[in-house]
1. For segment 154-166, check the following and say yes or no: at least one residue is open to solvent by 60 Å² or more (accessible area, probe 1.4 Å), under 17 Å from the mean Cα position of the chain (by Cα) and at pLDDT below 75.
2. With modelled with pLDDT of 90 or more, small (Gly, Ala, Ser) and assigned to a loop (DSSP other than H, G, I, E, B) as the only criterion, which of Ala7, Ala24 stands out?
3. Just the residues that are in a loop (DSSP other than H, G, I, E, B) and either of a type in the set (A, V, I, L, M, F, W, C) or over 25 Å from the mean Cα position of the chain (by Cα) (or both), please, taken from segment 184-197.
4. Going residue by residue through segment 149-171, is there one that turns out to be in contact with a helix residue (DSSP H, G or I) (Cβ under 6 Å, 6 or more places away or on another chain) and not hydrophobic (A, V, I, L, M, F, W, C)?
5. Select from segment 140-150 the residues that are open to solvent by 60 Å² or more (accessible area, probe 1.4 Å) and in contact with a strand residue (DSSP E or B) (Cβ under 9 Å, 6 or more places away or on another chain) and write down the one among them that is modelled with the lowest pLDDT.
6. Can you tell me which residue is modelled with the highest pLDDT among those in segment 45-59 that are open to solvent by less than 40 Å² (accessible area, probe 1.4 Å) and under 21 Å from Leu82 (Cα atoms)?
7. Among the residues that make up segment 161-183, is at least one of them closer than 29 Å to Pro31 by Cα and not in a loop (DSSP other than H, G, I, E, B)?
8. Determine whether segment 89-108 contains at least one residue that is aliphatic (A, V, I, L, M), open to solvent by less than 20 Å² (accessible area, probe 1.4 Å), in a loop (DSSP other than H, G, I, E, B) and at pLDDT 75 or above.
Amino acid sequence: MPPLPFAPRPLAGEGLSSWVARLAVHNFVTPADFWTWLGCDDVHDLTLEDGLLDRLSGSTRLVVNELHRRFAPEPATKAAPLAVSWPCAIRGAACPACCRAAARDDRDHFVLASSGSLWRFSCPEHRVRLASLDGYGMVLQDGRARFVREGTSIGIGGTGLTAQPAGLALAFEDAISRVLGGQPPGPEWRPRTAASFLACVAVLIDIVLWR
């Protein structure tokens with residue numbers, strides 16, 4: 001494949017679909033059209049299609065082994081189904097705090113690969129609730145890729161989006177992450193009374209309805 005005029009590098013922990021969307025935006029095409037150009041009809045964050053990384057390597061001038069190292073699915077993410085976020089053609093959800101920090105440091109917005117898991121609802125670094133990409137599109141804004149609400153110039157890093165889930169919810173998320181990684185869940189999220197059981201049920205309902 002011919003080299004791209006603009007090829008921003010993958011960010012630490014970034015999902016493949018997020019990086020490809022940034023490549024598309026920096027080259028002034030939609031993520032969907034870019035996937036078609038790559039010969040794909042869907043996003044492949046967990047199952048890397050044969051030859052896909054080779055084609056990306058040729059078009060971005062990055063070593064294919066480096067791409068394999070960056071985008072090999074983590075066991076905890078691979079063990080859980082991915083949450084689909086359209087129309088951005090990006091799996092998962094964005095952390096508003098990460099996006100705000102990226103904008104402050106003059107970097108692109110991005111989506112962590114781990115956020116694609118149905119059981120991941122907070123940012124592993126900031127522990128704030130991930131923001132759904134529904135209603136947002138990735139656009140080039142001041143030379144950087146930004147998640148912006150469609151029809152506006154409002155970015156996803158707004159202050160009002162940085163709510164922190166309840167401590168019980170975060171403990172449940174940590175327990176699920178340990179289980180998916182093949183470790184014991186730990187005692188932090190274990191109902192001990194009828195009241196704590198109901199609290200746990202409320203947490204689960206909130207998570208299921210959000211995803």
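The values are calculated or read from the model by the stated rules, or taken from the named source; none is laboratory data. No experiment lies behind these values; they were computed from the predicted model shown. All Cβ positions, glycine included, derive from the backbone under ideal geometry; neighbour counts span all protein chains shown. Side chains are part of the model used for accessible areas, which takes the heavy atoms of the whole protein and leaves out ligands, DNA and RNA. Shrake-Rupley method; radii C 1.70, N 1.55, O 1.52, S 1.80 Å.
1. For segment 154-166, residues open to solvent by 60 Å² or more (accessible area, probe 1.4 Å), under 17 Å from the mean Cα position of the chain (by Cα) and at pLDDT below 75: present.
2. Working: Ala24 fails: assigned to a loop (DSSP other than H, G, I, E, B).
None of the others qualify; the one that does is Ala7.
3. Pro184, Gly186, Pro187, Glu188, Trp189, Arg190, Pro191, Arg192, Thr193
4. yes
5. Filtering segment 140-150 for residues open to solvent by 60 Å² or more (accessible area, probe 1.4 Å) gives 140, 142, 144, 149-150.
Okay, now just the ones that are also in contact with a strand residue (DSSP E or B) (Cβ under 9 Å, 6 or more places away or on another chain), so 140, 149-150.
Details: Leu140: 90, Arg149: 85, Glu150: 81.
Only one residue tops the list, namely Glu150.
6. Leu53
7. yes
8. Yes, segment 89-108 contains a residue that is aliphatic (A, V, I, L, M), open to solvent by less than 20 Å² (accessible area, probe 1.4 Å), in a loop (DSSP other than H, G, I, E, B) and at pLDDT 75 or above.
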